[in-house]
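**Q** Dropping the structure in here first, questions after.
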Amino acid sequence: MSYYEHFARLHQGPIPLLLGNCWDVHSAKLLADAGYPAIGFSSYALSTALGYEDGERLPFDLLLQTTRRITETIHAPFTVDMEGGFSRNIDGILANIDKVYAAGAVGINLEDTIAGETRSFQPAAGFAKTIAAIADHLSRNNKNLFLNIRTDGFLLNIPTALPETLARMRAYENAGANGIFVPGITGTDDIEQVVNATTLPINVMAIPGLPPIQTLQQLGVKRISMGPFLFSKVYAHAADLARTVYEKKDLNTLL
């Protein structure tokens, strides 16, 4: 079974796929060694670790280099957070997807908002056409890549988050998405409605207020992402440790 086939099947089992979100080769290996069945970037964590702000400010070549080195190192499916595609036109997005595929990824996240001074929605119909073009391109070129399409109504906390999400999900499913990612959603009623509105696997993200994994499983969620929270916890601990060593002038804290 290929990594792609294994990754796709992980979205169909009775237990949600708990995706390990990494930010470099070593963190990817730690997650794989810990038993996570699939690994993927957190775009925030990767960008921050390399000294860039999130929102496609990371040079795309660095994303590719890190992807390639991770897929050469771990023995697990790897998926890449491509944010908005690192291009504002379909030809550029397709070219970037081909490069990510060549680097060994079996899946991508693509989001329907564009980062800038503020994060703004792309028109749903136009973004659905982009998804359809990507799905067609992959099919015609016999490339298997799991298209996890992110919609940001709940993340942006808009008043119409649920109906906006449901409408966009339908359009994206019809366009050829393989999964739907709804970061920011926490309410059990909202999650249940989202899950029941599509045949595609629903992905949620760790965030304060998210129900326990057991509840998410009962609601029918198929994928759970850590987002940037593992990265933030690791570096918060590292900052505390570094401060303690310096203030106490005691290296034994490290040993």
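The values are calculated or read from the model by the stated rules, or taken from the named source; none is laboratory data. Owing to the predicted nature of the structure, the values given are computational and were not obtained by experimental measurement. Note that we place each Cβ from the backbone using ideal geometry, even for glycine, and neighbour counts take in every protein chain shown.
**Q** So which of Ile202, Ile224, Ile207, Ile180 is within 25 Å of Ala38 (Cα to Cα), of a type in the set (Val, Ile, Thr) and without any contact (Cβ under 8 Å) to a residue 24 or more places away in the chain?
**A** On the way: Ile224 fails: without any contact (Cβ under 8 Å) to a residue 24 or more places away in the chain; Ile207 fails: without any contact (Cβ under 8 Å) to a residue 24 or more places away in the chain; Ile180 fails: without any contact (Cβ under 8 Å) to a residue 24 or more places away in the chain.
Only one candidate qualifies: Ile202.
**Q** Here's another thing I want to ask about it. Of the residues Arg69, Arg57, only one is basic (Lys, Arg) and in contact with a Ser or Thr (Cβ under 9 Å, 6 or more places away or on another chain); which? Full working, then the answer.
**A** Working: Arg69 fails: in contact with a Ser or Thr (Cβ under 9 Å, 6 or more places away or on another chain).
Just a single option satisfies the conditions, and that option is Arg57.
**Q** Given the criterion under 18 Å from the mean Cα position of the chain (by Cα), of a type in the set (Gly, Ala, Ser), under 24 Å from Leu18 (Cβ atoms) and not in a helix (DSSP H, G or I), identify the matching residue among Gly209, Gly184. Let's see the steps before the verdict.
**A** Numbers: Gly209 fails: under 18 Å from the mean Cα position of the chain (by Cα).
Sole residue among the options that is under 18 Å from the mean Cα position of the chain (by Cα), of a type in the set (Gly, Ala, Ser), under 24 Å from Leu18 (Cβ atoms) and not in a helix (DSSP H, G or I): Gly184.
**Q** Still on this structure: What number goes with the only condition from (1) in a helix (DSSP H, G or I); (2) of a type in the set (Val, Ile, Thr); (3) touching an Asp or Glu at 6+ places or on another chain (Cβ under 8 Å) that Ile191 does not pass?
**A** (3)
**Q** Can you name every residue in the range 55-92 that is under 17 Å from the mean Cα position of the chain (by Cα) and β-branched (Val, Ile, Thr)?
**A** Answer for the range 55-92, where residues must be under 17 Å from the mean Cα position of the chain (by Cα) and β-branched (Val, Ile, Thr): Thr66, Thr67, Ile70, Thr71, Thr79, Val80.
**Q** Please list, ordered by first then second residue, the pairs with beta carbon atoms under 6 Å, 6 or more apart or interchain, first in the range 76-95 and under 11 Å from Phe60 (Cα atoms), second modelled with pLDDT of 95 or more and β-branched (Val, Ile, Thr).
**A** What qualifies is Met82/Ile108; Gly85/Ile93; Ser87/Ile93.
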